[in-house]
Amino acid sequence: MSFNSTMFSIPATGQSNSAIIVGVLVLFSALLVSNARKRPLPPGPFSIPFVGSPFSVPKSRYHIHYAKWFNKYGPISYFGIFGRSFVVLNDEEAINELFERRSKIYCSRPRMTMAGDLVGRDKSMLFLPYGDRFKETQRLLHIFLKQSALSQHYSLQEKAMHGLLSKLLSSPENFERHVRSSVSSAIVRLVYGHQILDHTDMFVTLAESLGTLTDEAAEPGRWLVDSFPVLRFIPAWFPGASFQRWAALAREQCRKFTRLPYEEVKTSMNAGTCLPCFTRDLLNDSTDSSLTEEQEDLFMYASASLYIGMSIPVDIPNKSVHESTGGTNTVISPVLLFILMMCRHPEIQRNAQHEVDALTSEDNIPRMEDALKLPFIKCIMQELFRFAPPAPLLVHSPIEDDIYQGFLIPKGSMVMANVWGMSRNYPDPDSFNPDRFAGTSPQRDPSEYIFGLGRRACPGDEFTRTTLLLAFAQILWAFDISEAVDSAGNSVKPEVVYVGGYILQPAPFKCTITPRNSIKAAAIRATDDAAE
Ligand code: HEM
């Protein structure tokens, strides 16, 4: 079944009933709010009584818009929309203090009634409120992704990246599609032991459908029930409550999308054909017969969390779904930016190639053990993280009221840390300069914050870094990346333009990717043959 958004929007009939309910709720919540606030809220844009400031919030480039609030309102600002509270942190000290040092308080995610309570996405780690289920999921992911366990994943990372090299060799003009499928393939293999053959694979389409559904369920402003959670108790037959019918269908679909890959692992385990993977480890570590329904549910969602965790779909106000970069994920973003930057900076590319060449031979594709020994390429990775943090805003939610610099930060509010602003806090921030991380006094490593802070920091950070170092070393070893040539024979330098809202990714661009020599091309083909 395909999800058609118009099919599920709130119909005109029943609008008057909804309007009455909403009116009562607005007044009620406004009264509650005004009584509760004894401390001042942080400063912020003009607010209309009972409505808040929905019009001061941008529809795109939130991080840049919010960064400008620093000069207007200072390091911490506030706005409300229909009773929901939003706090913006625009200052490194405030971000470190609240998200890192007060992590005990800022350890939850904002409540999303439609996506969470009704559709059930709050079982995935990224959305999970802080509590026992979150801690158990975190523990399971940690066992698999902790530093000491990472080397067992090297061979699958190498395989996925060899796949990327051979696709780049055969159709370099489709580099974006190849990057996307190779990265997805590495993750699906890691989580479910499944080998993706092409983009029509069931695992890819399921994950994309789940992403689209999550996007729709979390679309801010679309669902009244997000502003007035009490509406979730309205029965589906009630006039104007078509959102309940949408939610029921979406919940069913999400469950199916989460269950199918998990069941496939169980089937292949029974057949003895399952490759090593996260889900297999979970099931192996437990005696199957003793698994309760609750444990199965935990395992199933823990597995899906690993895959979907990379997509970071959080409920940023006014996010337009049209801006969503579609099945994109966080790892794809730095790989595409790497290709763009190597094209724009041939001298950096040459230096990095010299570093790889000094360590490897013409006919040996770099392996993970090589990739981890390349300090300049590590600096390039750090500079890519700093130049365009894939997730420019972090979103946490405090589990109790907190006071910071005399201002109230209400429990349950959506606190957004402007990581992009932190990445501008460097000398000459707009120039791409990997050397800033070299030498004896390097500048602050952006890996310390682009993966999040405190108890909700990304569990996939180290896996990401090793994957990226390997991808960069192999691409530099194999190919020259240069400017595309237009129909008049002129070289065209690609612009640095981003798309996306909550995950930034370079806008589509053109470049030329050619093998550095025939020996390397032959080595890539030979690896292909060996794999077949
Ligand atoms: C360039 C790559 C990546 C970036 C920039 C990134 C960034 C992030 C960020 C900013 C968060 C939210 C942190 C916070 O709120 O403080 C996050 C959460 C998460 N990431 Fe990543 N991530 C990346 C790759 C991955 C990968 C490869 C995986 C899985 C193997 C993964 C799994 C997760 C999960 C499960 C969460 C939810 C954690 C929680 O809510 O406690 N991420 N990531």
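Just flag the chymotrypsin sites (Phe, Trp or Tyr not before Pro) in region 233-307 sitting in loop per DSSP whose Cβ has no more than 12 other Cβ atoms within 10 Å.
Working: sites: F233, W237, F243, W246, F257, Y262, F278, F299, Y301, Y307; in loops: W237.
Passing sites in region 233-307 are W237.
Using the 1.4 Å probe convention, the accessible area of the chain works out to 44 Å² per residue with neighbouring protein chains retained.
Per residue of the chain, what 222 nm ellipticity follows from adding -39500 (n - 2.57) for every DSSP H run with n ≥ 4, rounded to the nearest 500?
Working: 19 runs with 244 residues, N = 532.
Taking each H run of at least 4 residues, the total per residue is -14500 deg cm²/dmol.
Spatially, region 41-96 and region 480-532 are offset by 39 Å when compared through their Cα centroids.
Rounded to whole Å and ordered largest first, report the semi-axes of the equivalent ellipsoid of the chain derived from its Cα gyration tensor (root of 5λ).
Working: eigenvalues 323, 164, 95 Å².
After scaling each eigenvalue by five and taking roots: 40, 29, 22 Å.
Amide hydrogen proximity for Q505: with H placed 1.01 Å from N in the peptide plane, the residues at 5 or more positions away or on another chain lying under 5 Å are V499.
Sorting M125, M269 by accessible area puts them as M269, M125; the probe is 1.4 Å, largest comes first, and only protein heavy atoms count.
For region 131-280, which whole-number percentage of the solvent-accessible area (1.4 Å probe, protein heavy atoms only) is attributable to carbon and sulfur atoms?
Numbers: 3750 of 6620 Å².
Here carbon and sulfur together make up 57 percent of the probe-accessible area.
Structure note, pairs K146/K378; K59/K135; K167/K266; K256/K411; K146/K411; K167/K256: Cα-Cα distances above 22 angstrom occur for K59/K135; K167/K266; K256/K411; K146/K411; K167/K256.
How long are the semi-axes of the equivalent ellipsoid of region 412-454, taking √(5λ) for every eigenvalue λ of the Cα gyration tensor, in whole Å from largest down? Could you put the intermediate results ahead of the total?
Numbers: eigenvalues 124, 31, 9 Å².
Listed largest to smallest, the semi-axes of region 412-454 are 25, 12, 7 Å.
Working note: Cα atoms of region 383-429, range along each principal axis, descending, whole Å: 37, 21, 9.
The values are calculated or read from the model by the stated rules, or taken from the named source; none is laboratory data. Predicted model only: the values in this text are computed from it and were never measured. We place every Cβ from the backbone using ideal geometry, glycine too, and count neighbours over all the protein chains shown. Heads up: the accessible areas ignore ligands, DNA and RNA and are worked out on the full protein's heavy atoms, side chains in. Shrake-Rupley method; radii C 1.70, N 1.55, O 1.52, S 1.80 Å.
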